[in-house]
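Below: the structure, in C-alpha cells.
The values are calculated or read from the model by the stated rules, or taken from the named source; none is laboratory data. All of these numbers come straight from a predicted model, not from anything done at the bench. No Cβ is skipped: glycine too gets one built from the backbone with ideal geometry, and neighbour counts run over all protein chains shown.
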Amino acid sequence: MSKDKKKGSRSFILTLAVIAFMGYFVISLVALQIEIRDKQNQVTDAKQVVAEKELANEELAGFLADGDESAYIEKIARDVLGYVLPGERVYYDISSGE
C-alpha cells in the first residue's frame, strides 16, 4: 500500500505543478495582451502626431514655394502672438463650445 501512497502523492504533486504552470501561463498571457494594447495605443497616438506634423510641414513648404514670407509672418503674428492690424476687430465665436 505504500507504493499506492507514493504514486498518489506524486500524482498530486504533478497535478499541482501543472496547475501552477497553467496559472502562470494565463497570467503572462493576460499581461502581454495588456502590454500589446498599450503599445497599439502608443502607435496610434504617434501616427496622429506624425500626420499633424506632416500637415504643418506641407503648409510651411507651401509658404516657401510661394516665396512670400510676409504671409507666413502675418499668419504667425495672428495665430501665435494674437496680433491684429490697426483698426481691425477680431470676433471669437464662443457658441461652438471650443
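Just a few scattered comments:
Condition check ((1) surrounded by 10 or more Cβ atoms within 10 Å (Cβ to Cβ); (2) aliphatic (A, V, I, L, M)) across all residues:
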site: 11; (1), (2): yes, no
site: 18; (1), (2): yes, yes
site: 54; (1), (2): yes, no
site: 64; (1), (2): yes, yes
site: 70; (1), (2): no, no
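- Restricting region 32-66 to residues that are in contact with a Phe, Trp or Tyr (Cβ under 9 Å, 6 or more places away or on another chain) and of a type in the set (A, V, I, L, M, F, W, C) leaves a set whose member that is modelled with the highest pLDDT is 60.
- Hey, residue 79 under 30 Å from the mean Cα position of the chain (by Cα) and at pLDDT 90 or above or not: no
- Pairing residues of region 56-72 that are small (Gly, Ala, Ser) with residues that are in a helix (DSSP H, G or I) and surrounded by 10 or more Cβ atoms within 10 Å (Cβ to Cβ), at Cβ distances under 7 Å and at least 6 apart in sequence or on separate chains, gives 71/63.
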